[in-house]
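Structure, as structure tokens:
The values are calculated or read from the model by the stated rules, or taken from the named source; none is laboratory data. All figures in this text were calculated on a predicted structure; none of them were measured in a lab. Quick reminder, even Gly has a Cβ in these numbers, built from the backbone with ideal geometry, and neighbours come from all protein chains shown. These accessible areas exclude ligands, DNA and RNA; they are computed on the full protein's heavy atoms, side chains included. Shrake-Rupley method; radii C 1.70, N 1.55, O 1.52, S 1.80 Å.
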Protein chains: 2
Amino acid sequence: MNAERPADALIDLAQEFRNALRQSVFVLRRLDAHAELSSAQLSVLKMALDGGARVGEIARDLGVKVPSATEQIIRLERAGLLRREADPDDSRAVRVLATAEGRAAVDLADRRRNEHIAAILATLDQNERDAISAALPVFHKINSSVRA
Amino acid sequence: MNAERPADALIDLAQEFRNALRQSVFVLRRLDAHAELSSAQLSVLKMALDGGARVGEIARDLGVKVPSATEQIIRLERAGLLRREADPDDSRAVRVLATAEGRAAVDLADRRRNEHIAAILATLDQNERDAISAALPVFHKINSSVRA
DNA sequence: CCTAACTATTAGGCTTCCTAAGTATGAACG
DNA sequence: CGTTCATACTTAGGAAGCCTAATAGTTAGG
């Protein structure tokens with residue numbers, strides 16, 4: 001019985017990785033399920049915190065097209081969690097800024113989500129947590145390369 | 001300066017883990033973007049391969065409610081990739097079975113996706129791939145606990 | 001100036017998810 | 001048997017999120 005060729009090992013890892021991706025979506029859906037802010041909305045608000053962000057920047061961060069970001073922003077604006085202002089440097093652009101309510105909503109939602117995940121992580125043993133911890137930067141790297 | 005309390009370390013890990021989840025969605029969206037079958041549709045078809053599956057089982061696997069699964073199934077049926085039959089053991093139930101075209105579509109889509117991911121994994125060094133590899137079973141465990 | 005590039009919004013459409021309500025079958029019990 | 005309750009699925013209606021194409025306004029470069 002021959003050793004597996006390197007290429008096959010990569011494909012196998014890819015297969016397992018895809019499963020993990022699928023599961024991530026699942027977990028995230030559960031996390032979003034009964035939250036007042038979706039994961040994406042939380043991301044928008046976070047960008048709107050310090051000095052705000054432009055619509056295009058938010059779209060890029062979310063990984064969606066500009067009109068989709070506009071939609072989310074309008075929704076959050078109607079909810080009173082952020083406001084839109086003309087950018088002083090470039091009148092074509094719009095700066096998106098969190099309101100005090102928005103800031104409070106981020107704090108609350110962030111805390112709740114972290115506690116929820118932490119409770120799950122607490123059921124793991126230390127080796128398992130270390131494995132996750134070691135993999136996270138690699139996830140980040142993969143994501144960056146996909147975004148590029 | 002005190003060492004961090006264990007609970008804080010967990011919260012920090014949770015925060016990073018959430019980021020990774022968010023990134024996973026991003027990667028998966030890219031993967032789905034120009035594919036003829038979405039990730040979810042591919043999952044449905046895979047369950048329909050050997051002996052088929054019932055609608056409720058498919059819904060559970062996808063992590064959605066039954067009507068949402070029905071919708072996907074109908075779409076795939078219209079595309080000729082699967083068919084529905086009455087379950088011989090229980091006439092209330094419906095068995096979902098892949099057609100030959102469905103089987104071929106799974107093979108093709110699976111191969112394409114694996115190759116796509118493998119190409120990304122190929123840009124990592126061995127330590128990074130090992131880190132991913134070690135984390136995958138833990139992902140699986142987390143997912144199972146969330147599903148339960 | 002005038003044209004080309006950029007930023008954001010609007011309009012229209014598709015997919016996917018949900019809840020609620022309806023149909024049909026199965027199972028339990030008197 | 002027949003009533004009743006539970007189970008399996010479908011249908012209907014609606015919300016959220018994403019997209020492309022078209023539009024309006026602003027900036028920047030010949």
* Asked: So which of B:Asp32, B:Asp89 ends up being within 14 Å of another protein chain (Cβ to nearest Cβ), modelled with pLDDT under 95 and within 15 Å of DNA strand C (Cβ to nearest atom)?
  -> B:Asp32
* **Residue in segment B:57-68 that is most open to solvent (accessible area, probe 1.4 Å), counting only those that are within 9 Å of DNA strand C (Cβ to nearest atom) and within 14 Å of another protein chain (Cβ to nearest Cβ)** => B:Lys65
* Structure fact -> A:Arg54 fails exactly one of (1) more than 30 Å from B:Asn143 (Cβ to Cβ); (2) open to solvent by less than 80 Å² (accessible area, probe 1.4 Å); (3) not hydroxyl-bearing (Ser, Thr, Tyr), namely (2)
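Only one residue in A:Ala53, A:Ala59, A:Ala69, A:Ala86 is in the same structural domain as A:Asp107 (by TED's automatic domain parsing), farther than 25 Å from B:Leu62 by Cα and out of contact with any helix residue (DSSP H, G or I) (no Cβ under 9 Å at 6 or more places or on another chain). Which one?
The unique qualifying residue is A:Ala86.
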* To do: Please go through segment B:69-99 and pick out each residue that is assigned to a strand (DSSP E or B) and surrounded by 12 or more Cβ atoms within 10 Å (Cβ to Cβ).
  => B:Leu82, B:Arg83, B:Arg84, B:Val94, B:Arg95, B:Val96, B:Leu97, B:Ala98
* Quick check: is even one residue across segment B:34-45 in contact (Cβ under 8 Å) with a residue 40 or more places away in the chain and in contact with a strand residue (DSSP E or B) (Cβ under 9 Å, 6 or more places away or on another chain)? -> yes
* Mind listing whichever residues of segment B:100-138 are of a type in the set (Gly, Ala, Ser) and under 28 Å from A:Ala134 (Cα atoms)? => B:Ala118, B:Ala119, B:Ala122, B:Ala131, B:Ser133, B:Ala134, B:Ala135
* Residue satisfying all of: in segment A:1-45; farther than 26 Å from B:Leu121 by Cβ and not in a helix (DSSP H, G or I); most open to solvent (accessible area, probe 1.4 Å) among these -> A:His34
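Quick check on my filter: what residues within segment B:58-103 are of a type in the set (Lys, Arg) and either under 15 Å from B:Ser43 (Cβ atoms) or under 18 Å from the mean Cα position of the chain (by Cα) (or both)? If you could, list the steps in order and put the result at the bottom.
Narrowing segment B:58-103 to residues of a type in the set (Lys, Arg): B:60, B:65, B:75, B:78, B:83-84, B:92, B:95, B:103.
Result: B:Arg60, B:Lys65, B:Arg75, B:Arg103.
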* Structure fact -> Output for Cβ contacts, cut-off 7 Å, separation at least six or different chains, first residue in the same structural domain as A:Lys46 (by TED's automatic domain parsing) and touching a residue at least 60 places away in the same chain (Cβ under 8 Å) in segment A:109-136, second in a loop (DSSP other than H, G, I, E, B) and open to solvent by less than 80 Å² (accessible area, probe 1.4 Å), reads A:Ala109/A:Ala35; A:Ala109/A:Leu37
